[in-house]
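Visitor: Handing you this structure, nothing more for now.
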Amino acid sequence: MQATIVQAVNDALHTEMERDDRVVVFGEDVAESGGVFRATDELLEEFGSKRVVDTPLSEIAIVGGAAGMAMYGYRPVAEIQFSGFLPPAFDQLVTNASRIRWRTRGELSAPMVVRMPYGAGVRALEHHSESLEGAYGHIPGLQVVVPSTPADTKGLLTAAIRDPDPVLFMEPKRIYRSIREEIPEGEHEVPIGEAAIRSEGEDVTVVAWGAMMPPTLEAVEHGSVDAEVIDLRSISPMDTETVVESVKKTGRCVVVHEGPRTLGVGSEIVARINDEALMYLESPVERVTGFDTPVPLLSMEDFYFPHPPRILDGIEAALSD
Amino acid sequence: MSDRESDIRVPPATGDDGGGEVRYLSQSDLSVPTHQIVAPDGSYDAEAIPDLDDGELLDLYRWMVTDRVFSRRMVNIQRRGELGTFGSTRGQEASIIGSAFTLRPEDWLYVGRAWTPMFMRGASMTDMILFWRGIEEGQEAFAKHNSQIAISIGSHLPLVAGIAWGMHLDDADAVATAYLGDGATSTGAAHEGINLAGSLGLPALFFCQNNGYAISMPYGKQSGANTIAQKALAYGIDAIRVDGQDVLAVYDAVQSARERVKDGEPVFVESVTYRLDAHTTSDDPTRYREDEEVEHWEAHDPIERYREFLKSEGLWSEIDHDAIVEEIDAEFDEALAAANEMEERAVSEMFAHLYDELPPELARQLAEFEELLERRPEMYDYIEQRPKG
């Protein structure tokens, strides 16, 4: 079927809830209203109020509760309405969810998913536009996944729900409805921790993910550059091999991300390239990122995240040295 | 016996001994009165009217109408694409105005869903329009009037407790006020903020507008508690539950609360009201509530109720309702025109005010970006021009 990213989320939830009756969906406004982005539309009607639950406005309880429910044997898929509301629950991710397996020496685990729309560009209010995958990727024991296409969204969310460990699933809300493609009917799984090569090339490797994929692909096309474009898909665990092998081939690399530059995911990618492919580099790795500032309120948010000309500029800088 | 033991104070058991039976404490044991002065049919006890002169009674009406007109106009310009999103306050005017009318300029106010209280404190409609257009300058003006808007629900309660803490240390003759909604009382931050105020005895006034819904979630599902007011008791804070459709009752309750708060006893007020419009302009309430419910509340309009009171008091003849609406509409037109006049801002705005001094790395990022914008003007094809502000 043809689907957008948000429809792919919905389809994955339907399919997995049908397959496994331990999958329980909850969060603010997910049941009665079907989610503010309609990601959980029709789930209540199909699976009932025991498995699709509107929670109080309690991020700490949603994330911590998911961890406890998962320890007990369920497969919770919790929604945080906007990524900017996850910080109150950061403690539950750090203190509990990510460490249950480690703390209990493998006796228990927390197979849970926290889904949330992230990123700027939809004219939302303060605390609705953050792209903090770098901060969440820093937490040992937590997997962080960011799809960029409808088919990957279905496959990666399915994998996340089936995964024996906790996954933070960040949905690129700016492109929730702007891409439509054929997604597989029925069960469809894309493994977590594997990057995808979106286009092959010889001259430069460009690494991006989530909402940054469309502008990156546009920049490459626009610039007629022979670029190899890698969609990282998982921030943690990160597919170092695909990136390193590509850089060994091209000798040049640009990392594109929406989140702030300092201590961002790009920094880690640069470090891994230094570790494993330094001698192959023909120029320093370029970073095209959000700024080290809060995402501006809506009047200027479009200045914040990288657009194709800025990405192209980074690519040309990597090629010029 | 260590020296420390004398510092350990366990509150003594109080009350009777329970007679050897397990006995449950229940919220239902507590009768929770709802303070009301003007009944829905407009009748009232003349003795209970708060001590306000005629001018003030007329002001209450004018501010309520201001609130309604402002919501209507904001929703209209949002639909024309001149705002990002907006949350109307229609239906909550008595609750909002009755409470704000008690506040003094030196008090601090952190609101959730309430704009007119900020106008009453000196903020301009222009700045409010700028804020809802996503232009940071609006907030600079709010702060000058000790006012702020909290977007992340409940996040401001610990902050307000901290402001009150400062007032307490200063022996200030003022209070720190948090407006919050029913949904906010489910957040962790709310509990910690209220508890801190209770434990330290801080001059914090928590004014909770229970407007029935947290987006789609009705209060009955938000909490198992009978009332929100009762929650305060667990923190050792006194509470008042008030009919939020009765502006005089709200004024009376919050005025009384403010006096007590000023003396270092935090108070929690639950004002029972109703959100007639959607949560925001992005929300479709027909998905989660029945038309009949909304119609019921439409028929219990707080402004209409107060109008009945003014008629009984012989004050209605002094009000030209249509003229008031016209004046406020004109004020809004002027504010909108001023907001439209605002010059386009520079990208340096994004980097401004994050730190007292711009750190070198941020300065580098700004300079690089400015240089890029100059070198690649095609950037502007991608940077959509947002509503002018």
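The values are calculated or read from the model by the stated rules, or taken from the named source; none is laboratory data. Predicted model, so just to flag it, every value in this text is computed and none were measured. Neighbour counts are summed over all protein chains in view; Cβ atoms, including those assigned to glycine, are modelled from backbone coordinates with ideal geometry. Surface areas here come from the heavy atoms of the whole protein model, side chains and all, with no ligands, DNA or RNA. Shrake-Rupley method; radii C 1.70, N 1.55, O 1.52, S 1.80 Å.
Visitor: For residues that are facing chain A (nearest Cβ under 8 Å) and open to solvent by 40 Å² or more (accessible area, probe 1.4 Å), tally how many sit in the range B:346-372.
Guide: 3
Visitor: So, one more: Name the single residue, out of those in the range A:131-153 being closer than 11 Å to residue A:234 by Cα and among the polar types (S, T, N, Q), that is most open to solvent (accessible area, probe 1.4 Å).
Guide: Only one residue fits best here, namely A:143.
Visitor: Has the range B:134-148 got any residue that is farther than 26 Å from residue B:330 by Cα, in contact with a Phe, Trp or Tyr (Cβ under 8 Å, 6 or more places away or on another chain) and surrounded by fewer than 20 Cβ atoms within 10 Å (Cβ to Cβ)?
Guide: No, because not a single residue in the range B:134-148 is farther than 26 Å from residue B:330 by Cα, in contact with a Phe, Trp or Tyr (Cβ under 8 Å, 6 or more places away or on another chain) and surrounded by fewer than 20 Cβ atoms within 10 Å (Cβ to Cβ).
Visitor: Of everything in the range A:121-130, what is surrounded by 24 or more Cβ atoms within 10 Å (Cβ to Cβ) and closer than 15 Å to residue A:214 by Cβ? Give them in sequence order.
Guide: Hits for the range A:121-130: nothing passes.
Visitor: As an exercise: evaluate residue B:252 against (1) in a loop (DSSP other than H, G, I, E, B); (2) open to solvent by 30 Å² or more (accessible area, probe 1.4 Å) and give the number of the one condition it does not meet.
Guide: Of (1) in a loop (DSSP other than H, G, I, E, B); (2) open to solvent by 30 Å² or more (accessible area, probe 1.4 Å), only one is false for residue B:252: (1).
Visitor: Among the helices (runs of 4 or more DSSP H) confined wholly to the range B:334-389, which include 1 or more residues that are within 16 Å of residue B:138 (Cα to Cα) and not hydroxyl-bearing (Ser, Thr, Tyr)? Spell out how you get there, then give the answer.
Guide: Working: elements: B:348-351, B:360-375, B:379-382.
Qualifying helices (runs of 4 or more DSSP H): B:348-351.
Visitor: Among the listed residues B:191, B:279, identify the single one that is under 21 Å from residue B:151 (Cα atoms), open to solvent by 40 Å² or more (accessible area, probe 1.4 Å) and in a helix (DSSP H, G or I).
Guide: B:191
Visitor: For residue B:272, which of the numbered conditions (1) more than 10 Å from every other protein chain (Cβ to nearest Cβ); (2) out of contact with any Ser or Thr (no Cβ under 7 Å at 6 or more places or on another chain) fails to hold?
Guide: It is condition (2) that residue B:272 fails.
Visitor: Of all residues in the range A:236-254, which are open to solvent by 10 Å² or more (accessible area, probe 1.4 Å), closer than 25 Å to residue A:168 by Cα and either touching a residue at least 24 places away in the same chain (Cβ under 8 Å) or in a strand (DSSP E or B) (or both)?
Guide: The answer is A:236, A:237, A:238, A:239, A:240, A:242.
Visitor: Return a yes/no flag: does the range A:279-299 have any residue that is part of a helix (DSSP H, G or I), out of contact with any Lys or Arg (no Cβ under 7 Å at 6 or more places or on another chain) and assigned by the TED database to the domain that holds residue A:213.
Guide: Yes, the conditions are met somewhere in the range A:279-299.
Visitor: Whether any residue in the range A:1-21 is surrounded by fewer than 19 Cβ atoms within 10 Å (Cβ to Cβ), modelled with pLDDT under 95 and either more than 10 Å from chain B (Cβ to nearest Cβ) or touching a Ser or Thr at 6+ places or on another chain (Cβ under 6 Å) (or both) is what I want to check.
Guide: yes
Visitor: If we scan the range A:260-269, do we find a residue that is within 19 Å of residue B:372 (Cβ to Cβ) and assigned to a strand (DSSP E or B)?
Guide: Within the range A:260-269 (the criterion being within 19 Å of residue B:372 (Cβ to Cβ) and assigned to a strand (DSSP E or B)), the answer is yes, since at least one residue qualifies.
Visitor: A follow-up question, please. Looking only at residues that are open to solvent by 40 Å² or more (accessible area, probe 1.4 Å) and polar (S, T, N, Q) in the range B:17-73, which one is farthest from residue B:92 (Cα to Cα)?
Guide: B:26
Visitor: For the range B:332-339, indicate whether the set of residues that are within 14 Å of chain A (Cβ to nearest Cβ), surrounded by 12 or more Cβ atoms within 10 Å (Cβ to Cβ) and under 27 Å from residue B:71 (Cβ atoms) is non-empty.
Guide: yes
Visitor: Here's something else I'd like to know. Looking only at the range B:336-349, count every residue that is over 18 Å from residue B:81 (Cβ atoms) and within 24 Å of the chain's Cα centre (by Cα) and tell me the total.
Guide: 0
Visitor: Provide a single number: the residues in the range A:154-201 that are open to solvent by 40 Å² or more (accessible area, probe 1.4 Å) and closer than 26 Å to residue A:128 by Cα.
Guide: Total satisfying the criteria: 5.
Visitor: Let me ask another. Conditions first: (1) open to solvent by less than 30 Å² (accessible area, probe 1.4 Å); (2) part of a loop (DSSP other than H, G, I, E, B); (3) under 30 Å from residue B:136 (Cα atoms). Residue A:110 passes all but one, so which condition is the exception?
Guide: If we test residue A:110 against (1) open to solvent by less than 30 Å² (accessible area, probe 1.4 Å); (2) part of a loop (DSSP other than H, G, I, E, B); (3) under 30 Å from residue B:136 (Cα atoms), just (3) comes out false.
Visitor: Pairs, please: C-beta under 8 Å, at least 6 apart or cross-chain, first residue assigned to a loop (DSSP other than H, G, I, E, B) and in the range A:52-68, second open to solvent by 30 Å² or more (accessible area, probe 1.4 Å)?
Guide: A:55/A:61; A:55/A:65; A:56/B:221; A:57/B:153
Visitor: Still on this structure, I have one more. Quick test for you: out of B:83, B:57, pick the one residue that is within 23 Å of the chain's Cα centre (by Cα) and modelled with pLDDT under 95.
Guide: Among B:83, B:57, only B:83 is within 23 Å of the chain's Cα centre (by Cα) and modelled with pLDDT under 95.
Visitor: Being of a type in the set (Gly, Ala, Ser) and assigned to a loop (DSSP other than H, G, I, E, B), is that true of even one residue in the range A:76-99? Break it down stepwise before answering.
Guide: We begin by selecting, within the range A:76-99, every residue of a type in the set (Gly, Ala, Ser); these are A:78, A:83-84, A:89, A:97-98.
Next cut, assigned to a loop (DSSP other than H, G, I, E, B) only: none.
Scanning the range A:76-99 turns up no residue that is of a type in the set (Gly, Ala, Ser) and assigned to a loop (DSSP other than H, G, I, E, B).
Visitor: Tally up the residues in the range A:29-58 that are open to solvent by less than 20 Å² (accessible area, probe 1.4 Å), of a type outside the set (A, V, I, L, M, F, W, C) and either more than 10 Å from chain B (Cβ to nearest Cβ) or closer than 17 Å to residue A:168 by Cβ (or both), please.
Guide: Here the count works out to 1.
Visitor: Another question, if that's okay. Just the residues that are assigned to a strand (DSSP E or B) and hydroxyl-bearing (Ser, Thr, Tyr), please, taken from the range A:193-235.
Guide: A:199, A:205, A:234
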